[in-house]
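Asker: I'd like to ask you about the structure that follows.
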Amino acid sequence: MEFSTRTIHAGQPSEPGTGALIAPIFQTSTYEQDAPGCHRGFDYSRTNNPTRARLEAVLADLEGVPHAAAFATGLAAENAVLQAYLRPGDEIVVPLDVYGGTYRILNRVFQPQGCVVRQIDIADPAALSGALTDRTKLVWIESPTNPRLLVYDIAAIAGAAHARGALLVVDNTFATPYFQQPFTLGADIVVHSVTKYLAGHSDLVQGAVLAKDPAVFEPIKFLQNATGAVPSPFDCWLTLRGLKTLELRMQRHAENAQAIAAALHAHPLVRRVYFPGLPDHPGHDIASRQMTGFGGMVSFELDGSVEEVVSFVSSRQFFALGESLGGVKSLVCHPARMTHASVPPDVRASLGLSDMLIRLSPGCEHKKDLVQDLVAGLDAVQRAREARTAFADV
Ligand SMILES: Cc1ncc(COP(=O)(O)O)c(C=O)c1O
């Protein structure tokens with residue numbers, strides 16, 4: 001079965017009792033039992049829920065593995081993996097370019113508990129092999145990364161991690177299973193902020209963890225119930241609805257991102273564009289090899305001042321200024337003051353995360369409107385600059 005067919009059919013039969021084409025929202029906390037301890041697969045909705053079970057089935061199918069657990073948010077999903085695999089003294093290796101919330105949970109929650117966080121240039125094989133020790137339990141990457149869209153060689157990193165007995169976790173939020181299948185490249189665990197492209201409409205927060213090996217999955221499944229950060233049946237239903245158009249949306253997001261990246265690349269006020277689809281992007285060759293498309297996100301550095309960045313991001317017609325990404329409605333964000341504000345400025349600088357960086361999440365609007373809006377914003381920055389110079393000359 002092809003990908004788009006699976007988004008609509010996998011784990012989603014018509015409801016047997018009524019024939020309802022779309023399964024209802026099982027809005028229930030508990031289930032009537034036939035005899036004490038004798039139930040029909042569901043006893044309490046923290047432990048299991050039919051709407052959530054359908055969602056987990058389709059997510060697992062799309063990533064090509066048997067096991068999925070849905071969580072209340074992407075960070076709850078991350079927390080379950082970290083809690084399952086890190087004990088005091090254990091080590092985790094992560095790249096320099098990592099989502100701000102991942103940076104925060106590692107450095108503010110797990111490091112104080114005695115876990116060692118090694119943040120390295122993971123694209124450098126020597127740095128990676130130097131960072132791996134007998135205490136390394138996890139290697140954790142995103143690819144493409146948030147916000148600079150760096151691309152890492154998943155197969156090579158999996159090989160290095162496995163050689164030292166560590167598991168490789170891939171955050172597949174940006175690529176989605178439509179553009180990238182990390183398990184085929186050697187990942188042991190995949191995490192998602194379902195909030196983003198998978199749900200796709202900026203109307204819920206949710207996360208997921210997927211695994212191939214039942215032994216790897218078991219402690220995560222245990223924590224899903226034991227710590228209880230599960231999504232509501234309604235949110236699961238919304239994601240099931242969103243997933244049905246995942247392929248169509250991802251194709252549109254990617255088409256828009258490609259057009260925007262080309263327009264920005266050609267603009268004199270743009271210092272640098274980060275988009276793996278551009279041939280001069282350092283991860284272009286790896287992305288061409290390990291992805292089936294370049295994704296829907298574009299970041300760029302404005303050749304100007306922070307004030308100009310703030311003015312640009314605050315006044316777009318179609319790009320709402322907001323956290324998050326991956327919805328049908330376009331978003332723009334200033335990572336230094338928003339998603340990555342929890343990363344201290346000196347650390348941001350050492351990570352190469354410029355205060356001039358602007359992150360775009362093009363939605364599913366028409367690319368002409370989106371490009372026009374961005375070019376108009378850059379032209380307005382240019383005009384304001386010229387007006388200031390003219391005023392200074394008077
Ligand atoms: C790559 C990535 N991973 C994880 C998360 C965390 O997900 P959530 O916001 O659903 O908790 C985010 C959120 O922006 C993200 O961008």
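Asker: When DSSP beta bridges are limited to those with both residues in the chain, what percentage is antiparallel, rounded to the nearest 5? Write out the running numbers ahead of the final one.
Answerer: Details: 23 of 41 bridges.
Antiparallel: roughly 55 percent of the beta bridges in the chain.
Asker: Gap in Å between the Cα centre of the range 273-335 and the Cα centre of the range 35-74?
Answerer: 34 Å
Asker: So how far apart, in nm, are the two label points at residue 57 and residue 267 if each is 7 Å from Cα heading toward Cβ?
Answerer: 4.6 nm
Asker: At a 1.4 Å probe radius, carbon and sulfur cover how many percent of the accessible area of the range 3-243? Don't skip to the answer; put the middle values down first.
Answerer: Working: 5180 of 9210 Å².
C and S atoms contribute 56 percent here.
Asker: Starting from the Cα gyration tensor of the range 258-378, take the square roots of the eigenvalues, sort them a ≥ b ≥ c, and report rounded, prolate or oblate (rounded when a/c is under 1.5, otherwise prolate if a/b is larger than b/c, else oblate).
Answerer: Working: a/c = 1.42, a/b = 1.08, b/c = 1.31.
Judged from the Cα gyration tensor, the range 258-378 comes out rounded (a/c under 1.5).
Asker: Now, a different point. Classify the range 128-209 as rounded, prolate or oblate from the Cα gyration tensor: take a ≥ b ≥ c as the square roots of its eigenvalues, call it rounded if a/c is under 1.5, otherwise prolate when a/b beats b/c and oblate if not. The partial results should precede the final answer.
Answerer: Details: a/c = 2.30, a/b = 2.08, b/c = 1.11.
Prolate, since a/c reaches 1.5 and a/b exceeds b/c.
Asker: Quick one: which of 137/244; 212/367; 196/368; 244/367 span more than 28 angstrom between C-alpha atoms?
Answerer: 137/244; 212/367
Asker: A follow-up question, please. Going highest first, how would you order 111-123, 247-259 by mean Cβ packing within 10 Å?
Answerer: Working: 111-123: 16.5, 247-259: 20.6.
Ranked by mean Cβ neighbours within 10 Å, highest first: 247-259, 111-123.
Asker: Continuing with the same structure: Quick check on the chain: helices-only [θ] at 222 nm, where DSSP H runs of length 4 and up contribute -39,500 (n - 2.57) each and the sum goes over total residues. Nearest 500, please. Mind dumping the intermediate values first?
Answerer: Working: 14 runs with 153 residues, N = 394.
Helices in the chain give a 222 nm mean residue ellipticity of -11500 deg cm²/dmol.
Asker: On full extension of the chain, what length is gained from residue 47 through residue 366, given 0.36 nm per residue of separation minus the C-alpha to C-alpha distance? Mind dumping the intermediate values first?
Answerer: Numbers: separation 319, 0.36 × 319 = 114.84 nm, distance 4.23 nm.
Full-extension gain reported as 110.6 nm.
Asker: Just in the range 273-352: which trypsin sites (Lys or Arg not before Pro) are loop by DSSP and have at most 11 other Cβ atoms within 10 Å? Write out the running numbers ahead of the final one.
Answerer: Numbers: sites: 289, 316, 329, 337, 348; in loops: 316, 329, 337.
Listed in order of number, the matching sites amount to none.
Asker: Right, another one. Quick one: work out Rg over Rh on the C-alpha atoms of the range 3-243, Rh as Kirkwood radius. Walk me through the intermediate numbers first.
Answerer: On the way: Rg = 18.3 Å, Rh = 18.4 Å.
Result for the range 3-243 is an Rg/Rh of 0.99.
Asker: With the chain treated as a Gaussian network of Cα nodes joined by springs under 10 Å, which of 104, 272, 40 yields the largest mean-square fluctuation?
Answerer: Answer for the Gaussian network model of the chain: 40.
Asker: Also: Taking the alpha-carbon distance from residue 329 and a cut-off under 17 Å, which aspartates and glutamates remain once sequence neighbours fewer than 8 residues away in the same chain are dropped?
Answerer: Within the straight-line limit of under 17 Å, residue 329 reaches these aspartates and glutamates: 203, 247, 255, 365, 369, 373.
Asker: Using the alpha-carbon centroid of each, what span in Å lies between the range 126-149 and the range 202-272?
Answerer: 21 Å
The values are calculated or read from the model by the stated rules, or taken from the named source; none is laboratory data. Everything numeric in this text was worked out from a predicted model, so none of it was measured. Counting neighbours? That spans all protein chains shown, and the Cβs are built from the backbone with ideal geometry, glycine included. Each accessible area value is taken on the protein alone, full model and side chains, heavy atoms only, with ligands, DNA and RNA left out. Shrake-Rupley method; radii C 1.70, N 1.55, O 1.52, S 1.80 Å.
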